[in-house]
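Input: a single structure, listed below in C-alpha cells.
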Amino acid sequence: MSAPVIVPGVTGRRPSSLRPTSERARRRRPAGMRHRRRSVPLTILMGVAVVYTLLPLVWLLINATKTQADLFSTFGLWFGGEFALFDNIGRVLAYGDGIFGRWLLNTLLYVVVGAGGATLLATLGGYAIAKFRFRGRSAAIAVVLGAVAIPGTALAVPTFLMFARIGITDTPLAVILPSLISPFGLYLMWVFASESIPDELIEAARVDGASELRIFASVCMPLLGPGIVTVLLFTTVATWNNYFLPLIMLRNPDWYPLTIGLNSWNNQATTAGGDAIFDLVITGSLLAIIPLIALFLLLQRFWQSGLAAGSVKE
C-alpha cells in the first residue's frame with residue numbers, strides 16, 4: 001500500500017488548490033457581499049415607484065370600460081355598473097366619420113418615416129464618428145454633446161418660422177423633418193459603436209478587400225443590432241408622444257397625430273355647443289398606447305442588451 005502524501009507545513013488541512021471552488025470564491029468575496037441584506041427603505045421606495053407608474057394605466061384601463069354617466073358617478077379606480085369597453089371602442093372608431101383611424105395612420109406615418117429615418121441617420125453618424133478619423137471630428141462631437149442638452153421645445157418656434165418661410169407648414173413634412181434629428185440617438189450609437197465593434201475586425205475586413213459599405217452592412221450592422229433597437233425604441237416613443245411640435249405646425253385636422261386629435265376631442269366640452277365625449281377620449285387614449293406596449297414587449301430583450309452593452313470591460 002502506497003504511503004500517504006505529506007504536504008510540508010500543513011497539518012490536517014487540505015491544500016488551498018484542492019479546496020472546493022465555491023469555498024475559495026466565498027473566501028475571496030468581500031465581507032459586505034457575504035451578508036448582503038435586503039434594504040427595506042429601498043424596497044419601499046421601489047414599491048412606491050411601481051405604484052406611481054402603474055396607477056395611471058390602471059385608472060385608464062378601468063375607466064375605458066365605463067359609460068359617460070358612470071365616469072362621474074362611480075369611483076375612479078373601480079368599474080361602473082355597465083361594461084361598455086367594446087361599445088366605446090366602436091364609437092371611437094366611428095366618431096367624426098372615422099377620423100380616429102386617420103389620426104392613427106398619420107401617427108404611424110410620422111413614426112415610420114421620422115423615427116425610422118432618425119434611427120438610420122443616428123446609426124450612420126454614430127458609426128462614422130466612432131470608427132473614422134476626419135477633419136472636424138472634435139467639432140462634430142462637441143455639437144452632438146451640446147445638442148443633447150437642448151430641449152426640443154426650445155427649437156420648435158424657430159423651426160416653425162423657418163418652415164413658414166419655406167411654405168411647408170400644415171403638411172406632414174413639418175412634423176417629419178424635425179423628427180429625423182435625434183442628438184441623443186446619435187450620441188448613443190457613437191458610444192455603442194465605440195465599445196461593440198473592435199477596430200481589428202474592421203481592419204481584417206479591409207485586408208480581405210471588402211469595401212467600406214460592405215463592411216458596415218455585413219460586419220458592423222449585426223454587432224450594432226442591440227443599439228439600433230434601443231435608439232429605435234427611444235425615437236419611436238418620442239415621435240408617438242410628440243405634442244408641441246404638431247400643435248404649432250398643423251392646422252388641418254386631417255394631418256393631426258393621435259396626441260393632438262385626442263386633445264381636440266377633450267377640448268370640445270369647453271367650446272360653445274361642443275359635445276362632451278370624455279368616454280371616447282379615455283378609450284381613444286387606451287387604444288393609442290397599445291402599439292407602444294406591444295413594441296416594448298416584442299423588443300424588450302434587445303432593448304435590455306443594448307443598454308447593458310459596453311458597461312463591462314474585459
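When you check residue 168 against the structure, is it part of a loop (DSSP other than H, G, I, E, B), farther than 26 Å from residue 231 by Cα, free of Cβ contacts under 8 Å to residues at least 40 places away in the same chain and not polar (S, T, N, Q), yes or no?
yes
Six or more apart or on different chains, Cβ under 6 Å: which pairs go from a residue in the range 195-212 that's hydroxyl-bearing (Ser, Thr, Tyr) to one that's in a loop (DSSP other than H, G, I, E, B) and surrounded by 11 or more Cβ atoms within 10 Å (Cβ to Cβ)? Could you list them?
These pairs meet every condition: 196/309.
Each reported figure results from applying straightforward, stated rules to the coordinates on display, with no laboratory input. Model, not experiment: these values are computed from the prediction. Positions of Cβ are backbone-derived with ideal geometry, glycine not excepted, and every protein chain shown enters the neighbour counts.
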